[in-house]
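Remarks on the structure that follows.
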Amino acid sequence: MPGKHLTPFERGELQAYLSQNMSQDAIAKKLGRDPSTIFREVTRNATKTGYDAQRAQRRYIERRKGCRPQRRLDQQPLRAYVVDNMRDAEWTPEQVAGRLPLDYPHDPTMRISHETIYQAIYSQDSLHFLIALLPQARPRRRNKGQGKTRRGPSIPNRVGIENRPSQIEQRIQTGHWEGDTVVGKGNDGFIVTLVERTSRLFHAVKTQTKKAAEIAQAVIASLLDRPITWVRSITFDNGTEFAYHEQVAHQLGVDIYFADPYAAYQRGTNENTNGLLRRYLPKGKSFKELTQRQLDMIVDQINNRPRKCLGYRTPNEVFQQQRELHLLALSS
């Protein structure tokens with residue numbers, strides 16, 4: 001079940017659905033929320049030009065600041081658990097917070113949200129050393145709503161995400177991927193990243209350039225040996241490096257869709273996994289000496305990390321389970 005409060009991602013989805021003139025009842029079903037929650041959110045944050053997700057999130061944060069004092073990691077056992085697992089096991093704050101109830105099911109004092117962990121890390125000098133261990137190790141937390149000026153797409157025969165079937169959005173079928181590129185220091189290397197939306201299985205291929213032809217071949221090579229049921233569609237970032245999407249569609253027999261420009265929330269699975277990759281290859285790091293074998297080792301670690309959205313199972317475990325179910329169905 002979703003949390004009590006809407007997340008920034010849900011607010012982004014809400015704005016997108018409203019822009020498509022979708023009813024609030026239909027949006028509530030899409031988000032798995034009570035219709036009254038959607039009604040209050042839209043009413044509370046309405047503007048002359050309509051609902052603004054970024055503005056709504058900023059107002060939500062300001063309201064939350066006045067609700068209760070910020071909890072700090074002042075309890076020694078809890079503090080030690082957070083520090084030890086982030087430093088030694090390389091867990092993220094979300095993984096730490098999600099694992100606590102499993103390790104301490106009868107101790108209510110051993111509970112903390114991942115947001116509180118983030119706040120403590122950035123606000124307490126004694127915890128600043130953990131910043132380097134965060135999925136996206138920024139020296140300061142970005143203000144919500146920071147973004148770029150939108151521009152129009154320039155990809156021939158582009159099919160927008162608004163045409164993507166609803167079953168892909170709902171994650172009720174395997175084989176639907178999201179794709180992006182990650183750039184090395186000074187454009188000295190590139191990585192094509194692909195994430196399957198249901199299992200969060202991650203693929204990454206290093207390329208020397210960002211030319212559309214090379215990127216297309218990297219995507220094809222990465223997915224060509226996967227079972228047909230595991231390669232049905234790909235939703236790409238709006239970058240022109242994916243301009244040869246028709247070649248990818250032909251070779252793999254998939255449908256290709258493109259997110260809106262600068263709408264990262266439409267590919268949230270891919271963006272979050274790129275954040276995990278950046279933990280190993282932070283921004284500003286050269287990719288010149290990076291080998292595909294080294295990259296494969298990083299991908300293997302990411303695919304064997306427990307994920308909250310998977311009930312703290314790993315992407316590899318989910319893929320293997322669904323593969324066995326498919327083989328069982330074929331044999332019956």
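The numbers here are math on the coordinates, done by the rules we state, and not lab data. No experiment lies behind these values; they were computed from the predicted model shown. Cβ atoms come from the backbone with ideal geometry, glycine included; neighbour counts cover every protein chain shown.
Quick look at the numbers
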{"read-out": "Values of log10 I(q)/I(0), in the order q = 0.08, 0.10, 0.11 Å⁻¹, for the chain under a Debye, Cα-only, solvent-free model", "value": "-0.42, -0.67, -0.83"}
{"read-out": "Pairs from 185/211; 30/308; 211/288; 48/283; 211/308; 210/283 whose Cα-Cα separation, in the structure shown, is over 28 Å", "value": "48/283; 211/308"}
{"read-out": "Using a Förster distance of 25 Å, the FRET efficiency for residue 208-residue 278 (Cβ separation, nearest 0.05)", "value": "0.80"}
{"read-out": "Burial ranking of peptide ranges 270-283, 19-32 (average Cβ count within 10 Å, highest at the top)", "value": "270-283, 19-32"}
{"read-out": "Relative contact order, percent, the stretch 153-249 [alpha-carbon distance under 8 Å, six or more residues apart]", "value": "30"}
{"read-out": "Semi-axes of the equivalent ellipsoid for the stretch 8-65, Cα gyration tensor, largest first, Å", "value": "18, 13, 10"}
{"read-out": "Per principal axis, descending, Cα span of the stretch 195-293 in whole Å", "value": "35, 27, 26"}
{"read-out": "Helical contribution to [θ] at 222 nm, DSSP H n ≥ 4, -39,500 (n - 2.57), averaged over the chain, rounded to 500", "value": "-13000 deg cm²/dmol"}
{"read-out": "Dimensionless Rg/Rh of the stretch 76-133 - Kirkwood Rh, Rg from C-alpha atoms", "value": "0.94"}
{"read-out": "Inter-site label distance for residue 310 and residue 255 at 7 Å from Cα along Cβ, in nm", "value": "2.5"}
